[in-house]
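Input: a single structure, listed below in structure tokens.
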There are 2 protein chains.
Amino acid sequence: MDGTDRCVTEPGQDELVDALRLALISGVGPRIRKSLLERFGSARAVLAAAPSELRDVYGVGPKLTHNIAAAAEEIDVEGEIALCGEHGIRILVESHADYPRVLREIHDPPGVLFVRGTLMPSDALAIGVVGTRHGTPYGLRQAERLAAGLARAGLTVISGLARGIDAAAHRGALAAGGRTIAVLASGVMNIYPPEHDKLAEEVAAHGALLSEQPPRAEPLAGTFPQRNRLISGLSLGVLVVEAAERSGALITARHAMEQGREVFAVPGNIDGRTSRGCHQLIRDGAKLVESVDDILEELGPLVEAAPRDDGQVIHHPAELLLNELEQQVLAAIGSEATTIDQVIAQSGLPVPQVLSTLSVLEMRRLVRRLSGTTVIRP
Amino acid sequence: MDGTDRCVTEPGQDELVDALRLALISGVGPRIRKSLLERFGSARAVLAAAPSELRDVYGVGPKLTHNIAAAAEEIDVEGEIALCGEHGIRILVESHADYPRVLREIHDPPGVLFVRGTLMPSDALAIGVVGTRHGTPYGLRQAERLAAGLARAGLTVISGLARGIDAAAHRGALAAGGRTIAVLASGVMNIYPPEHDKLAEEVAAHGALLSEQPPRAEPLAGTFPQRNRLISGLSLGVLVVEAAERSGALITARHAMEQGREVFAVPGNIDGRTSRGCHQLIRDGAKLVESVDDILEELGPLVEAAPRDDGQVIHHPAELLLNELEQQVLAAIGSEATTIDQVIAQSGLPVPQVLSTLSVLEMRRLVRRLSGTTVIRP
């Protein structure tokens, strides 16, 4: 079974079947799923639970109790797994090693992710780029330019494959030869809007299409806001390029704030409506962005070091701004106190260059001075 | 002596002559003038001081000592006073009752102001509107629109009569039938740039031209930054409409911050350079402005209540945003605790209207609730 083999490496097939079945039950959203797992311990135990036990869980009513009881018969998990196998779609349940670590941090992680394309360890360095479907030429140009710049710096661009700003962001990353991930509200075999079919193929080839809905799921209105939490959840920060006052992009920004991600916004002329949402975000504390540097300088150190595709290990997104000399000096400094003599010896660079470069690194908050003669990574 | 009479009401002629002579000495800027007055007590005493005493004052060297000693002979104060009389220019020394109170608050007030036109008590409600001389059509449109809106709300628009944004701000205020004041770096009889001659006449007719330089003074490069502190000093806040990274408008904004005035900035598209300065200000904490309401809502209560031209007395700029009903309820509340029953009796309005209007006023921070039944102006 070649297909199944591509779908699963770990956990075991049984566990996958149960987790998938639970995730696909109508009415079991990420929060109720989490409550159920906390109460019963595993997907298998939830599915085997008595109706009276289920109803004890906050938010579970008679209808959901019925749906859970009927799941074994009504949900064709094996069929979905076979379908994924046929179409090269990976299924990642939350316990899977390749399930994005950052998504596990959010308070309502999806129980399952369907993936067309590939997820890479370097995707831990990602920025969400979102905005209105009704982007102006200005907004589309900026989305493409900034996404291209982020991609060139080595960041993965996450967006929602929607018309307007989202599509421009994916295109910018692709044009720069970078990686991009589209998080869909529909299934990964049901591309919406249909005219983005070709763009979706390109995204899958240079990144991934991702959804928590089964592959053939329709794009339902209710799933869009829910999807937005994954765009921010997968990102270190979310950049809103253009957004009117009630744009879905603002929901993504709100998710980002709740998830402790940074929020960035591009300002624009005040005589249109398309930048109003961005301006509101800036008033509420979002960082005003004119360039990629504005984003990289604002991001804090990574919780976990991320490898770049070129093998370089990144501890802090601002490292992506460094020139070769700066990288060389930084590489000579450990996470324990390092004397400047050690840095000089390790880097093999002349003293004045090391000293002036240390000042730059200090200014960028990549290095902290412990004393006149010792430095450390913060 | 009709001319002299128009120049001076108070202080006495001798005091005016001395104050003017001191202010006109080359090299005596606002700060040194202040130090001299603090040391010697009066302009007359400064002019009579011995060189050895003068040199004790910080910043006073041999050249300035010479200039002060020579002032009695070299500066034709009487000629300047006569000239002002002939051209209807008022001379306000710092001790004059009509000298703007807000200017006395700054740490380097001008020793003398030359005024063409009129200063009104309502000019205490003023906003500076400034920006680049190289305004884009977008910036010019916004400057005009926002200045017009401020003028309609009853605020005086202060600017610098420069090309670009400044001129658009004056024009906007004039078009709305409001008041506007131009603070010049040259003398009020030496309009710069020359093509703004007609605009200057209109400003003088519906507000004032103001300068700390004598009437025929040339526009010297050094006097422009110095002039900028008066634009902010005369204003409750400064709105920067468009400014590149090294624009003089940013100097005005910095003065505003140092003087404890509010700073406002209009954002714009990031693909030009003309909004870069505004964006930097916003990053540094300036309030992002899309509308006049954004400005009025941000301003705190006035240090001293200001009368509007229509006689209404304003305690807080946000009062300019109120409708008639809200004004009526606010007028019934004193600066001492007022019971809601008193407000109802005083305003003659039905209870539900008073209660809902009080909520609006509370939200706008114009009224503070002391208890369930008493309110007060903050």
Exercise for the section: Could you pull out every one of the aspartates and glutamates with an alpha carbon less than 19 Å from that of A:Lys63, ignoring same-chain neighbours closer than 8 positions? Expected result: A:Glu53, A:Glu73, A:Glu74
Completion exercise
chain A: longest segment with zero exposed GluC sites (Glu not before Pro), where exposed means DSSP loop plus at most 12 other C-beta atoms within 10 Å, is residues A:1-244
Problem - For the pair B and A, total buried accessible area rounded to nearest 100 Å², probe 1.4 Å - result: 1700
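Report the calculated FRET efficiency for B:Ile376 and A:Arg283 (r = Cβ-Cβ distance, R0 = 30 Å), to the nearest 0.05.
On the way: r = 29 Å, r/R0 = 0.97.
The computed FRET efficiency comes out at 0.55.
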Handout entry: Whole-angstrom gap from the stretch B:233-252 to the stretch A:64-126, using each part's C-alpha centre
Key = 54
Handout entry: Carbon plus sulfur fraction of accessible area for chain A, probe 1.4 Å, in percent
Key = 51
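Among the trypsin sites (Lys or Arg not before Pro) within the stretch B:169-237, which fall in a DSSP loop and have no more than 13 other Cβ atoms within 10 Å of their own Cβ? Mind showing how you got there, number by number?
Details: sites: B:Arg171, B:Arg179, B:Lys198, B:Arg216, B:Arg227, B:Arg229; in loops: B:Arg179, B:Arg216.
Filter output for the stretch B:169-237: B:Arg216.
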Problem - Shape category assigned to the protein assembly as shown from the gyration tensor of Cα positions, a/c cut at 1.5 - result: prolate
Handout entry: Estimated vicinal HN-Hα couplings, Hz - the stretch B:188-196 in sequence order (Karplus 6.51, -1.76, 1.60; Gly, Pro = x)
Key = 6, 9, 10, 5, 10, x, x, 5, 9
Exercise for the section: Would you mind listing the distances between the B:Asp56 label point and the same position in each other copy? Use 7 Å along Cα-to-C-beta, nm, one decimal, shortest first. Expected result: 9.0
Exercise for the section: Check the straight Cα-Cα distances from B:Lys287 and name the lysines below 28 Å, setting aside those fewer than 8 residues away within the same chain. Expected result: A:Lys287
Problem - Amide H within-cut-off set for B:Thr156, under 5 Å, with H built and near neighbours excluded - result: B:Leu125, B:Ala126, B:Ile127
Problem - Residues listed by number, the stretch A:260-302, amide nitrogen under 16 Å from B:Leu321 label point at 7 Å toward C-beta - result: A:280, A:283-284
Problem - Tensor-based shape of the stretch B:124-257 (alpha-carbon gyration tensor, a/c under 1.5 rounded, otherwise prolate or oblate) - result: rounded
Practice task
Kindly report the accessible area of the stretch A:1-121 per residue (heavy atoms of protein chains, probe 1.4 Å, no ligands, DNA or RNA), in Å².
Solution key: 50
Handout entry: Drop in accessible area of at least 40 Å² in the complex versus isolated chain, residues of the stretch B:122-139, 1.4 Å probe
Key = B:Tyr138
Handout entry: Exercise: per-residue mean of other protein chain Cβ atoms within 10 Å, B:266-278
Key = 4
Exercise for the section: Nearest 5 is fine: what % of DSSP beta bridges in the protein assembly as shown come out antiparallel, could you say? Expected result: 45
Handout entry: Members of the stretch A:288-322 that become less accessible by 20 Å² or more once partner protein chains are added (1.4 angstrom probe, chain alone as reference)
Key = A:Leu288, A:Glu290
Exercise for the section: Kindly report the accessible area of the stretch B:292-337 per residue (heavy atoms of protein chains, probe 1.4 Å, no ligands, DNA or RNA), in Å². Expected result: 49
Fill in the blank from the handout: Given unit charges at Cβ for Lys, Arg (+) and Asp, Glu (-), the dipole magnitude of the protein assembly as shown about its Cα centre in debye, nearest 20, is 0
Fill in the blank from the handout: Scalar couplings 3J(HN,Hα) for the stretch A:98-108 by Karplus 6.51 cos²θ - 1.76 cosθ + 1.60 (θ = phi - 60°), nearest whole Hz, x for Gly and Pro, are 8, 4, x, 4, 4, 6, 5, 6, 6, 7, 9
Problem - Per-pair calculated FRET efficiency, R0 = 25 Å: A:Glu78 and A:Asp56 via Cβ, rounded to 0.05 - result: 0.25
Fill in the blank from the handout: Mean accessible area per residue over the stretch B:135-200 (1.4 angstrom probe, all protein chains present, square angstrom) is 31
Exercise for the section: Show that you can apply the helix-only estimate: for chain B, add -39,500 (n - 2.57) for every DSSP H stretch of four or more residues, divide by all residues, and state [θ] at 222 nm to the nearest 500. Expected result: -13000 deg cm²/dmol
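Does the stretch B:81-178 come out rounded, prolate or oblate by the C-alpha gyration tensor, with a ≥ b ≥ c the root eigenvalues, rounded set by a/c under 1.5 and, if not, prolate when a/b is larger than b/c and oblate if not?
On the way: a/c = 1.99, a/b = 1.81, b/c = 1.10.
Cα axes put the stretch B:81-178 in the prolate bin.
The values are calculated or read from the model by the stated rules, or taken from the named source; none is laboratory data. All of these numbers come straight from a predicted model, not from anything done at the bench. With ideal geometry, Cβ positions are generated from the backbone for all residues, glycine too; neighbour counts draw on all protein chains shown. What goes into the accessible areas is simple: the full protein's heavy atoms, side chains included, and nothing from ligands, DNA or RNA. Shrake-Rupley method; radii C 1.70, N 1.55, O 1.52, S 1.80 Å.
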